[in-house]
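The values are calculated or read from the model by the stated rules, or taken from the named source; none is laboratory data. Keep in mind it's a predicted model, so treat the numbers as computed, not measured. All Cβ positions, glycine included, derive from the backbone under ideal geometry; neighbour counts span all protein chains shown. Just so you know, the surface numbers come from the protein's heavy atoms only, side chains and all, with ligands and any DNA or RNA stripped out. Shrake-Rupley method; radii C 1.70, N 1.55, O 1.52, S 1.80 Å.
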Amino acid sequence: MRMNEPLRCAALLLSLGWVQAAPAAWQTLGRVVHEQRDKAAIELTTSSHAHVRVSFVDVDVARIRMSPKGSFERDFSYALADTPGALPLDVQHKGDKIVLRAGADGSRVEITQAPELLIDVYDAAGNHVVGDDPARPIAFDAVTGAIETSKQRVATELYYGFGEKALPLSRHQQYMTMWNSDTPGYAPGLDPIYQSIPFFIALREGKSYGVFFDNTYRSYFDMGKTDASRYTFGANGGELNYYVFTGGRERSPANVLRDYTMLTGRGSLPPQWALGYQQSRYSYSPDAQVREIARTFRDKRIPIDVIYFDIGYMDGYRIFTWSPKDFPEPAKLLDELHAQGVHAVTIVDPGIKVDENFPIYRAGKNLYTRTASGDELHAEVWPGICAFPDFTNPDARTWFGSLYAGFLEQGVDGFWNDMNEPGVFVPSSWKLPVLVHDPAKTFPLDTRHDGDGLAGTHARYHNVYGMQMARATFEGLAKLRPQQRPFVLTRAGYAGVQRYSAVWTGDNASTWDHLGLSIPMLTSLSISGVPFVGADIGGFTGTPSAELYTRWLQAAALTPFMRTHSAIDTAPREPWTYGEKYEAINRASIELRYQLLPYLYTLFADSAASGIPPMRPLWFEYPQDVGAAQVEDEFLLGRDLLVAPVVHEAQTQRRVYFPKGNTWLDWWDGTPHTGGSAVDVAAPLDRLPLFVRAGAAIPTSPPAQNTGDAAKLPLIVRIALGADGSGRVYQDAGDGFGYRKGDSETSTLSLHGDRVHIDPPSHARFRRIAALEFIGVDKPPSAVTIDGKASIATHFEATTKHLRVELPARQVSDIELQR
Ligand code: GLC
């Protein structure tokens, strides 16, 4: 048994708050007693023998480390893409203060030396960004190892990000815990859930900064909940190791995120098929049902790119096996799917069935996590009693990654890592109620991990277990199939998970509240560095009404990862389940996604280069607009599309806030809306309120049944008249890594008044632009010229205010509407 019953009862009571944990015996650092420098860092010893080290990773990224132990550990982090460098440091003493900078143009850190060591950070222009609260200096508990720091807070400051939280968009005056938790059917407001990303972006009077607290222990953020005049973050152990991003000259959220993702890495470009529509269920089984689902999509002409195989495909839930009864010929089945343009993704959980006759179990011995007494850790999950690879051990990762070979050979295209918080079952023999945050639902805290050479307990490595599993998968796929881009989907993760995987928001529920919550959850994850995100469409637990499913599919059509998924005990849920009326609307929602895939793909390419995600909360693009700061039922896709889904039952119109400084045209009928206004717009069931920024050029595609077919069709670029602007179309082979060697192309379209100029790529190899569609044209122009010559290949539609202009097959550069 992993935890005896009295112990577990105590842990349960503790987790319920019925008994109080012993309060931390906080001790502050005291004053600086010793200073030591090298070229790129200053290290201070304080009167409490703690050590503080300050350096600059970049001119606007300060790093602060504090170890209560008097020495620092080897500098190692699972979150970071590389070991962070440090710039040469300029150190000056001004009175009692030590002033640090890494460049004349960058931010500065000021350290107050006594009576307590205090740290303040200023931006390049000299403005105060963030500073320690003198009433609550950095503290630690020498007995438990807990550490924490508190910052002064201005009452109006807002906080965003924090990864995956089932909370409102701005997390001011919220208390959050970072501890990956398997929380099926989580209610809105429940915290923590599956992912832990201890990073946030603050916004105060239009200016931003960011903080990344790189500590993998159970950690917490009290963002002014206990006391509105300060916020506090800390953890149960480890170093106080954090980065402050001052956001460059502009102090913009985009600069903060660029710097954060420079440190923690950027999501690589997914294969294009992974951006198509995906259909899942727990579980489609047997093979005949999978065939039937694929065939029905094609018969009904509803686009689809991926079908999922949830745990039901396996033989007794043994990973990398197929049920001989239900899936006797997997390779043949997958071939059939591929022939229809459908990809296959299988679930792979971390639990490996303890069974001496199971070769994978036998092969993994020595690579499993071990109990405090050194035995192989056993716990129950789907297959029964399982052992669990220690994904913090590089050998275990390499071994696990190699296991994908067989499935790749059979034709599986992508992989879905689940239950990797890690989540385990509470044995039913215990006959105690299972609580959402039951401490027995994961490994005991004293479980041993390798920690890539920094051996430690589960208390230390719990939050990175899932991410390291996704890494094992990603790296395994990259090695086994170097010509193709890996597609990995993970439920658990930590900061930096974007380097390996897409993320979905776990077991949400079939409620309107959850549909509403999906928007702040996904925009928050996005601006926490994770661009490829989605929620189970329709809600995982429970059966949605026809209206809820239809609205959800519509809302999700423009989220980065689009997948319907549902629990085992729910009614069938495919786009056609609810009858013809809904089927037609659902088809149109999926078609809209395929229409906008060239735009979404361009955004993904941008995101891989800059870290700026496709899906954004309004404030991120409009930090100066106070009206945008807390809008959480709308989102931006890139800069140019504003999506305002209906998230309430029986609603057929909704109020939309249009961010300040731009004009927004209705995607469907061209109606202009002035930025800074809130307008009630029509939203019948078959209409997603969608708006395009005047001046934008949005690449689109004619509808296709899958991304492979779409790649053969020429592009159509939608131009939103009413302001000057520009847009881009990024294209490449859609898979593989040729794009990294220049096998890609970008066309730029610029709009000046009524004239569009196209800058083609130097060697056009991919889809050509076959037409422009102007939105917001009140009456037909007297003529349209293409490179100076009048064109007759135009079509005007008065009801939608759309004007379509066909472009000849030869390269053209200037298209002008004469009015
Ligand atoms: C977990 C996953 C869910 C999956 C189920 C069975 O609950 O979150 O998506 O369907 O396990 O594998």
Exercise. Per residue, what accessible area does the range 370-417 have, given a 1.4 Å probe and all protein chains present, in Å²?
Worked result: 32
For this session: May I ask you to derive the FRET efficiency for T156 and A114 from their Cβ-Cβ distance with R0 = 30 Å, giving the value to the nearest 0.05?
Result: 0.45
Problem set entry | Cβ-defined net charge surrounding G341, 10 Å radius [Lys, Arg +1; Asp, Glu -1] | -1
For this session: Rounded to the nearest 500, what is the 222 nm mean residue ellipticity of the chain from helices alone, with -39500 (n - 2.57) per DSSP H run of 4+ residues and division by all residues?
Result: -6000 deg cm²/dmol
For this session: Collect residues whose amide H, placed 1.01 Å from N in the peptide plane, falls under 5 Å from the amide H of A783; neighbours closer than 5 in sequence don't count.
Result: Q818
For this session: Tell me the label-point distance for the pair Q484, A40, using the 7 Å Cα-to-Cβ offset, in nm and rounded to one decimal.
Result: 3.9
Problem set entry | Average accessible surface area per residue within the range 488-611, 1.4 Å rolling probe, Å² | 19
Problem set entry | Cα-based reach from K431 at 19 Å (exclusive), listing aspartates and glutamates while leaving out same-chain residues under 8 positions away | E5, E380
Exercise. At a 1.4 Å probe radius, carbon and sulfur cover how many percent of the accessible area of the range 530-599?
Worked result: 57
Exercise. Volume per residue, Å³, of the convex hull around the alpha-carbon atoms of the range 165-309?
Worked result: 183
Exercise. When we measure straight from the Cα of K325, which lysines land under 21 angstrom away, once same-chain ones fewer than 8 places off are left out?
Worked result: K353
For this session: Pull up all non-local amide H partners of V129: gap of 5 or more, or a different chain, and H-to-H distance under 5 Å with H placed in the peptide plane.
Result: V121, Y122, D123
Exercise. So what is the relative contact order for the chain, in percent, with contacts set as C-alpha pairs under 8 Å and at least six apart?
Worked result: 10
For this session: Taking the Cα atoms of the chain, report the difference between the largest and smallest coordinate on each principal axis, in whole Å and largest first.
Result: 82, 72, 50
Exercise. So what's the net charge close to P192: Lys and Arg +1, Asp and Glu -1, counting the other residues with Cβ under 11 Å from its Cβ?
Worked result: -2
Exercise. Hey, what's the range 157-271 come to in accessible area per residue, 1.4 Å probe, Å²?
Worked result: 24
Exercise. Leaving out same-chain residues fewer than 8 places away, which lysines sit with a Cα under 27 Å from that of K741?
Worked result: K479, K712
Exercise. In percent, how large is the relative contact order of the range 493-586, given Cα pairs closer than 8 Å and 6 or more residues apart?
Worked result: 27
Exercise. Gap in Å between the Cα centre of the range 324-343 and the Cα centre of the range 582-619?
Worked result: 29
Exercise. What's the center-to-center distance, using Cα atoms, between the range 474-529 and the range 542-562 in Å?
Worked result: 18
For this session: Would you mind counting up the charge near L807? Only other residues with Cβ under 14 Å from its Cβ, with Lys and Arg at +1 and Asp and Glu at -1.
Result: +1
Seminar exercise, completed: Scalar couplings 3J(HN,Hα) for the range 637-646 by Karplus 6.51 cos²θ - 1.76 cosθ + 1.60 (θ = phi - 60°), nearest whole Hz, x for Gly and Pro, are 9, x, 7, 9, 10, 10, 10, 10, x, 7
Problem set entry | Restricting the range 295-370 to trypsin sites (Lys or Arg not before Pro) in coil, as DSSP defines it, with at most 16 other Cβ within 10 Å | K300, R301, K325, K365
Problem set entry | Note, ³J(HN,Hα) from phi for the range 619-628, Karplus 6.51, -1.76, 1.60, rounded to Hz, x at Gly and Pro | 4, 5, 8, 10, x, 7, 8, 4, x, 8
Exercise. Quick one: with all protein chains in place, what share of the accessible area of the range 351-438 is carbon or sulfur, to the nearest percent (1.4 Å probe)?
Worked result: 53
Seminar exercise, completed: Reduced to Cα centres, the span from the range 209-263 to the range 349-384 in Å works out to 37
Seminar exercise, completed: Rounded to the nearest 0.05, FRET efficiency between Q27 and A372 (Cβ-Cβ, R0 41 Å) equals 0.90
For this session: For the range 60-129, with all protein chains present and a 1.4 Å probe, just round the carbon and sulfur fraction of the accessible area to a whole percent.
Result: 47
Exercise. In the structure shown, do any of K165/K225; K207/K660; K300/K581; K69/K94 have a Cα-Cα gap over 18 Å, and if so which?
Worked result: K69/K94
Exercise. For the range 207-327, what relative contact order do you get, as a whole percent, if you take Cα pairs closer than 8 Å and at least 6 residues apart?
Worked result: 20
For this session: At most 14 other Cβ atoms within 10 Å and a DSSP loop assignment: could you name the trypsin sites (Lys or Arg not before Pro) in the range 623-716 that fit?
Result: K712
